[in-house]
1. Per residue, how many Å² of accessible area does the stretch 202-260 show with a 1.4 Å probe?
2. Specify which residue in the list His156, Ile244, Ile142 is farthest towards the positive end of the charge dipole of the stretch 125-247, using unit charges on the beta carbon of Lys, Arg (+1) and Asp, Glu (-1), about the Cα centre.
3. Read through the labelled values (1) 0.98; (2) 1.15; (3) 1.02 and report the label of the one computed as Rg/Rh (Cα atoms, Kirkwood Rh) from the structure.
4. Over the chain, with every protein chain in place, what whole percent of the accessible area is carbon and sulfur at 1.4 Å, could you tell me?
5. Over all directions, the average projected area of the alpha-carbon convex hull for the stretch 215-256 comes to how many nm²?
6. Give me the net charge for the shell around Leu242: Cβ to Cβ below 11 angstrom, other residues only, Lys and Arg +1, Asp and Glu -1.
7. Taking the Cα centre of the chain as origin, sum charge times position over the Cβ atoms of Lys and Arg (+1) and Asp and Glu (-1), and report the length of that vector in debye to the nearest 20.
8. Using the beta-carbon distance between Thr8 and Arg196 and R0 = 41 Å, what value does 1/(1 + (r/R0)^6) give for FRET efficiency, to the nearest 0.05?
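The values are calculated or read from the model by the stated rules, or taken from the named source; none is laboratory data. Keep in mind it's a predicted model, so treat the numbers as computed, not measured. Cβ atoms come from the backbone with ideal geometry, glycine included; neighbour counts cover every protein chain shown. For accessibility, only protein heavy atoms count, side chains too; no ligands or nucleic acids. Shrake-Rupley method; radii C 1.70, N 1.55, O 1.52, S 1.80 Å.
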Amino acid sequence: MNPKFYRTKKVLVVDDCDPVRASIKGMLQKIGFEHIAAVTDANAAIANCTEVAYDFILSDFNLGDGKDGYQLFEALKHLRVLKPGACFVIISAESQRQIVHGVIELQPDSYLLKPFSFVQLEKRLMRAFQIKHALSRVYQEIYDNKFVEAANSCEHIIKTDPENAVYALRLKGELLIEIEHFAAAEQLYQAVLKRREYAWAKLGLAISRFCQHRWLEAEFELRELSKLDETRVEALDWLARLFIKRQLMKDAFDTLQEVTKLSPKNYQRQKALANLAII
């Protein structure tokens, strides 16, 4: 990549460990970045992002007390202080379960496992940027809540850009669910799965059937997906929603208890669990 590219980009590093922040900052400087800020927690990151439009945000998953990396990402999106072209990268010392469904709302642009070299860091940042750039029109339309237009833009990429077609397919599936074109989403996921068994497509298929009130099909698929590490947390979340829809409150409570043990920091899940406990 042209060195001028790095010099013009702004980077924010979020990590509660001083030596780690210093190490990552040194790697970024070695790559060629000049505009680098570093903070210790999510609140400081949010404050920084309200003042500066960062191009890259690198956040550790575990940030001590308070919000973790996923919650920071969610908060930045909710506050609309993360520009559509920005790349958000989760860094972790452990192999965290990645979000399979939720590209529109919750999916970071990349993950990086500690320890890593500056070469690995540069490759991950550049790949994330290339995908974001290729789908820039889609992300801008999503940011503007133009979901129908974004789905159409995805279709254009699918037809004209083979290198990024799979990312566009994934986004289009979620956009079809967002605009309540559930049958079309189901058809898309079925077509994808005929070519390759992506975890995101399997989960998307189950969700599209859940949204069509096809409870038995959706429950069977979600139970199967809940047995797999990659999809366990999200499948259990959707399974709990299914039980609530069917007024099976004890099953919903037990399922949410199980998923809360796996992922205890999710505020919405904790709130739902408390409400079910009261019921």
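1. Values: 2890 Å² over 59 residues.
Heavy-atom accessible area per residue stands at 49 Å².
2. Ile244
3. (1)
4. Values: 7300 of 14370 Å².
Of the solvent-accessible surface of the chain, carbon and sulfur hold 51 percent.
5. On the way: hull surface 9.8 nm².
Average of the hull's projected areas for the stretch 215-256 equals 2.5 nm².
6. Details: positive: Arg209, Arg214, Arg223, Arg241, Lys245, Arg246; negative: Glu217, Glu219, Glu221, Asp237, Asp251.
Value of the local net charge: +1.
7. On the way: 39 positive and 37 negative charges, 83 e Å.
Roughly 400 debye for the chain.
8. Values: r = 37 Å, r/R0 = 0.90.
Efficiency, from the Cβ-Cβ distance: 0.65.
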